[in-house]
Amino acid sequence: MLLLIKSPTLCFSLSLPLPLSSGFYWYFGYIINLQNFLSWTIMSYCARIQYEKIGSDVTMQCGSLDNDASVTWKVNGTDVKARRREEGPRLILMEVNMSSNGLYSCFQNPDGQRRDQINLRVGLPPKEPQVTCRSNTYPKGFYCSWHLQHPTYIPTDFEVDVQHNQRPLEVTRDEVHKNRCHVKFPELFTSFPYRVNVTAVNSLGRASSAISFEESSIGTKSNQILRGLCLKQDQNNFPVELSDSTSHTITDAYAGKEYIIQLAAKDMEIGTWSDWSVAVHATPWMEEPKPITSTTESDIIPGMHELPTVRTLLSYSL
């Protein structure tokens with residue numbers, strides 16, 4: 001006798017001896033009571049997943065029933081209210097959308113026995129992924145990351161292929177970031193470019209993007225550094241501003257008020273913050289500075305010089 005057992009995540013089968021009288025069977029935590037049966041069949045249906053594209057007409061077939069079979073369909077245990085038509089054992093949903101997702105069950109008439117279950121998942125095929133590569137561990141290697149600009153709403157995997165001088169390189173997937181991989185440099189100071197191809201794949205389609213670069217072009221660049229700027233106006237106030245540029249302008253500074261400025265930086269992707277720089281003191285002037293009309297030493301008071309603007313001071317700090 002073949003017995004099918006259904007759990008929330010698994011369907012499996014087992015064989016039991018055919019009982020001739022009442023009895024109990026113990027199997028992996030299940031107590032099975034067989035009473036006075038010469039034969040016994042338990043049927044269990046495992047829901048199968050069916051992926052379909054948003055906006056399409058979807059046909060679901062109730063098992064292997066004949067075309068003249070009469071069935072009743074339910075979704076999540078209730079009547080199907082979406083736009084549809086029924087043709088024998090088939091349910092056809094019109095222009096499905098995200099609200100069409102659900103567990104569809106079909107029951108054969110007139111006895112109402114369930115014949116099939118379908119878990120409908122509606123989504124989109126992937127578009128070309130956006131791929132970037134750079135190195136923050138030079139000369140050991142580099143990493144590449146990728147993302148989709150538009151969601152697919154269904155499980156999507158990524159295939160990564162990296163080649164150098166027409167030879168495939170070993171790719172190590174990141175343990176923390178699922179959309180990142182690491183590659184070791186096979187050699188240094190090479191003139192051959194690296195080619196990285198990332199393919200997004202799901203049940204509705206696939207799309208690829210490829211980039212090529214030279215070894216010298218993926219090091220840390222100034223526009224890939226995130227900077228934090230700390231402006232201290234008094235002992236209890238430490239506002240911090242973030243910027244990804246190499247200069248910063250204070251637009252709300254108070255004239256005549258002293259500012260203490262410090263700078264920290266980190267890699268935008270996976271770096272850690274550096275220590276704060278040595279504090280720099282700056283005071284915006286009270287009025288517009290007058291131009292110096294003479295450059296003789298007698299016209300300049302020793303130890304005095306023109307105060308820089310806050311913007312100039314920050315440019316020096318960066």
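Looking only at the range 248-296, count every residue that is assigned to a loop (DSSP other than H, G, I, E, B) and either modelled with pLDDT under 70 or polar (S, T, N, Q) (or both) and tell me the total.
23
Of the residues screened, P89 is one that is more than 29 Å from T156 (Cβ to Cβ) and at pLDDT 95 or above. Based on what the data block shows, is N165 within 30 Å of E86 (Cα to Cα), surrounded by fewer than 16 Cβ atoms within 10 Å (Cβ to Cβ), in contact (Cβ under 8 Å) with a residue 12 or more places away in the chain and among the polar types (S, T, N, Q)? Spelling it out, it is not the case that N165 is within 30 Å of E86 (Cα to Cα), surrounded by fewer than 16 Cβ atoms within 10 Å (Cβ to Cβ), in contact (Cβ under 8 Å) with a residue 12 or more places away in the chain and among the polar types (S, T, N, Q).
Scanning the range 171-187 for residues that are assigned to a loop (DSSP other than H, G, I, E, B), of a type in the set (A, V, I, L, M) and touching a Ser or Thr at 6+ places or on another chain (Cβ under 9 Å) returns no hits.
Applying a threshold of 8 Å to beta carbon distances and a minimum spacing of six or more residues, or different chains, the list of pairs starting in the range 260-280 at a residue that is assigned by TED's automatic domain parsing to the domain that holds D174 and over 18 Å from S135 (Cα atoms) and ending at one that is surrounded by 14 or more Cβ atoms within 10 Å (Cβ to Cβ) and at pLDDT 70 or above is empty. Applying the set (1) farther than 30 Å from A210 by Cα; (2) out of contact with any strand residue (DSSP E or B) (no Cβ under 9 Å at 6 or more places or on another chain) to N119 leaves exactly one unmet item: (2). Taking each residue of the range 133-149 that is over 16 Å from F213 (Cα atoms) and looking for partners that are among the polar types (S, T, N, Q) and crowded, with 16+ Cβ neighbours inside 10 Å with beta-carbon atoms closer than 8 Å, six or more apart or interchain, yields H147/N179; L148/T156.
Only strands (runs of 3 or more DSSP E) whose full extent lies in the range 67-152 are considered here, and the ones with at least 2 residues that are of a type in the set (A, V, I, L, M, F, W, C) are 71-75, 90-93, 102-108, 113-123, 130-134, 141-147.
The residue pairs whose first member lies in the range 175-187 and is aromatic (F, W, Y), whose second member is at pLDDT 90 or above, and whose beta carbons are closer than 6 Å, counting only pairs six or more residues apart or on different chains, are F185/G141.
The values are calculated or read from the model by the stated rules, or taken from the named source; none is laboratory data. Just so it is clear, the model here is predicted, and its values are computed rather than measured. Backbone-built Cβ (ideal geometry, glycine too); neighbour counts: all protein chains shown.
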